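> Pasting a structure here, questions to come.
The values are calculated or read from the model by the stated rules, or taken from the named source; none is laboratory data. Note that the structure is predicted; figures quoted are calculated from it, not measured. Cβ coordinates were reconstructed from backbone atoms using ideal geometry, including for glycine residues, and neighbour counts include every protein chain displayed.
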Amino acid sequence: MPAGGSRRALGPVGLVLGGVVSVQFGSALAVNLMDRTSALGVVAIRLVVAAALLLVFCRPRLRGHSRADWGTVIAFAGTLAGMNGLFYQAADRIPLGPAVTLEVLGPLTLSVISSRRVVSLLWAGLALSGVFLLGGGDFSGLDPVGAAYALGAGAMWAGYIVFSARTGRRFPQADGLAIAMGLAALLILPLGIGSAGAELLDPVTVGLGAGVAVLSSVLPYTLELIALRSLPAAAFSILMSLEPAVAALAGFLILHQTLGAAQAAAIGLVVAASMGAVRTQVGAIRATKEPELG
């Protein structure tokens, strides 16, 4: 590949990797913030601040969009609210690395199902082995409620990948993201107020929440939306598979959450399974296209 082509290919990859690092270190900061307010309170501050920043800077055009455009952006907003709400409930109960490891099973499951290849069963088995190790054999080492929240966040994550790409194609620049973030904030705000109450008005809490919003929402979602316009969804999923490892690193550096050998091996297995599943899916897509090219 020519040097110019390599640089063009690395551009979207760099955007996604930057987003991965930003969102996981932002999540680590959010876990610290939960000492001051509730998990849903943190999510509410994060989404409201992120929505305000995006709406001010993007000034999205609300008129001239089709019903299908609005359906897409509303679905995107629902996945944003659900993914954030469920994940923060999980991170409030279990360490960050295991929480993201369970969450990534959502995109992994879709990759395995859509590939329709026997080798995909190998990746599924590898991921299940990792989950088995992560739970210490019976999940006695993890809060089962926290684990359930993380799995629910994974399902929302899979939907986020789909609707983020569709929104990016239907709306110019980051307009779709700004609209979706505003709608997501409206969905989660009543839950945050009911959970945290007056704590949401504390200046220090709001300030820290604003930092979480920039690191975990505004910056990564904008980078991902831009990257998905030119980066295949399969390649995007491979890069996102690194999130459990980055989350474990952020948990160690910021939250001093240490992992045992079994948990570290579990995260490695799930990351490897995710990458393998997506590569298998890419191979299946190429195989179906080759007869058409011949």
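> Just to verify a result, which residue in the stretch 61-94, among those that are of a type in the set (Ser, Thr, Tyr) and over 16 Å from residue 41 (Cα atoms), is modelled with the lowest pLDDT? Talk me through it step by step, then tell me what you get.
Looking only at the stretch 61-94, we keep the residues that are of a type in the set (Ser, Thr, Tyr), and these are 66, 72, 79, 88.
Checking which are over 16 Å from residue 41 (Cα atoms) leaves us with 66, 72, 79.
Values: 66: 90, 72: 93, 79: 95.
It comes out as 66.
Let's see how each residue does on (1) outside any helix (DSSP H, G or I); (2) farther than 30 Å from residue 125 by Cα; (3) of a type in the set (Phe, Trp, Tyr):
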| position | (1), (2), (3) |
| --- | --- |
| 176 | no, yes, no |
| 180 | no, yes, no |
| 190 | no, yes, no |
| 197 | no, yes, no |
| 221 | no, yes, yes |
| 248 | no, no, no |
| 258 | yes, no, no |
| 267 | no, no, no |
| 271 | no, no, no |
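> Kindly indicate whether residue 98 is modelled with pLDDT of 80 or more and surrounded by fewer than 20 Cβ atoms within 10 Å (Cβ to Cβ).
On the way: modelled with pLDDT of 80 or more: yes; surrounded by fewer than 20 Cβ atoms within 10 Å (Cβ to Cβ): no.
In short, no.
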